[in-house]
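Below is one structure, written out as structure tokens; comments come after it.
Bear in mind that the values in this text are calculations on the coordinates, not laboratory data. Quantities reported herein were computed from a predicted structural model and do not represent experimental measurements. With ideal geometry, Cβ positions are generated from the backbone for all residues, glycine too; neighbour counts draw on all protein chains shown.
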Amino acid sequence: MITQEHNKLMYDKYGEQYHLKRSNKESSLWNEYLDIPAMTKLIEKNVNQCDVLDLGCGSGDFTAKVKSLGANVIGLDQSNKMIEIARREYPEIEFYVGTAEKIPFNDKNFELIYSCLMIHYIKELSPLFAEVARVIRSLGKFVFSFHHPFNEITHQVWNGSGYDVTMHPYFHNDEYRWNMFDEMELVSYHHTFETIFNSLNDNSFVVERLIETTPNDSIRNKYPRFYEMTSNYPSFCAISAIYLPNQK
Ligand SMILES: C[S@@+](CC[C@H](N)C(=O)[O-])C[C@H]1O[C@@H](n2cnc3c(N)ncnc32)[C@H](O)[C@@H]1O
């Protein structure tokens, strides 16, 4: 089965469990204390009254947060189940089933397009960024988060007082498999920073900001192991890029 169908099947099958985990702060530390703060920081000043697309919106929790910041935001996800849940949880927001590789909207439709933790599911980034470029307006922003390339190639094992870390080869575009939980096995692709930055640039995006996520000190005592891991080793990255179509 090809990767995209496999991942769609997983999100369709485990959608309710994913949503329960994702919408509970205690069971979604990586989203709550790393991804959401970084993504919020990158987009919050750019959303009020803007036409915004949430690419790979999942069950819509972050879409709802962006709407609360004043955006005219809509969500798109390839999983029917995730969209069913998003529509149920947030009936005031429009959600659509569709893929990031073939976005079902007109050219130049959005001022801001953001995507939380989705691009690592896609092997070839340049065609994806070209499709984002098609539907974004000139000077619009594309903000996205993804598995940090170093995280994808390191394996951490808790040794009782810290983490033992093994590093694997970096220079490739191979798939890797990981479990969101139990039997929800997902397939993702490793991308180097060089590939990510050059694929953006090849499609007229210029990076204005990069965040390598780290946790806030305030959670050090509450979640000591999570803090130890994520403050010492990279977890996620978030990039903000501006679309400058006439600069090349
Ligand atoms: C880790 S979840 C993140 C969901 C949401 N952005 C959030 O932060 O809660 C990744 C989402 O990307 C969606 N996805 C994966 N590949 C996709 C693709 N090629 N096109 C559209 N959605 C995709 C999945 O169905 C899933 O809902």
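Just a few scattered comments:
- Rounded to the nearest 500, the 222 nm mean residue ellipticity of the chain from helices alone is -9000 deg cm²/dmol, with -39,500 (n - 2.57) taken per DSSP H run of at least 4 residues.
- Estimated at 0.36 nm per residue, the fully extended path between Glu208 and Ser138 surpasses their Cα-Cα distance by 23.7 nm.
- DSSP-assigned coil residues among chymotrypsin sites (Phe, Trp or Tyr not before Pro) in the stretch 123-219, each with at most 14 further Cβ atoms within 10 Å: Tyr170, Phe171
- Top of Asn109, Asn46, Asn232 by mean-square fluctuation, Gaussian network on the chain, Cα under 10 Å: Asn232
- Rg and Dmax [Cα atoms of the stretch 3-243; Å; Rg one decimal, Dmax integer]: 17.3, 54
- Annotation for Ala130 and Ser68: the two label points, set 7 Å from Cα along the Cα-Cβ direction, are 3.9 nm apart.
- Maximal additional length on extending the Tyr233-Phe150 stretch stands at 29.0 nm, based on 0.36 nm per residue less the C-alpha distance.
- With contacts taken as Cα pairs under 8 Å and at least 6 residues apart, the stretch 1-145 reaches a relative contact order of 23 percent.
- Above-threshold pairs, the threshold being 27 Å between Cα atoms, out of Lys8/Lys65; Lys65/Lys102; Lys141/Lys222: Lys141/Lys222
- Under the combined filter of DSSP loop state and at most 11 neighbouring Cβ atoms within 10 Å, the stretch 85-182 retains these GluC sites (Glu not before Pro): Glu92.
- Efficiency of FRET between Glu32 and Asp174 - r from beta-carbon atoms, R0 25 angstrom, step 0.05: 0.25
- Proportion of all alpha-carbon pairs of the stretch 94-134 beyond 15 Å (%): 42 percent
- Top of His191, His155, His120 by mean-square fluctuation, Gaussian network on the chain, Cα under 10 Å: His155
- Those lysines that a straight Cα-Cα span of less than 17 Å connects to Lys13, excepting residues fewer than 8 apart in one chain: Lys21, Lys81
- Highest-fluctuation residue, Asn48, Asn198, Asn159 considered, GNM on the chain with Cα pairs under 10 Å: Asn159
- The modelled label-to-label distance for the pair Glu44/Phe193, using points 7 Å beyond Cα in the direction of Cβ, is 2.6 nm.
- For the chain, the relative contact order is 19 percent, taking Cα pairs closer than 8 Å that sit 6 or more residues apart in sequence and dividing their mean separation by the residue count.
- Global geometry of the stretch 86-191, whether rounded, prolate or oblate, following the gyration tensor of its Cα atoms and the 1.5 cut on a/c: prolate
- Protection-proxy order for peptides 223-229, 6-12, 22-28, each taking the mean of Cβ atoms within 10 Å per residue, highest first: 6-12, 223-229, 22-28
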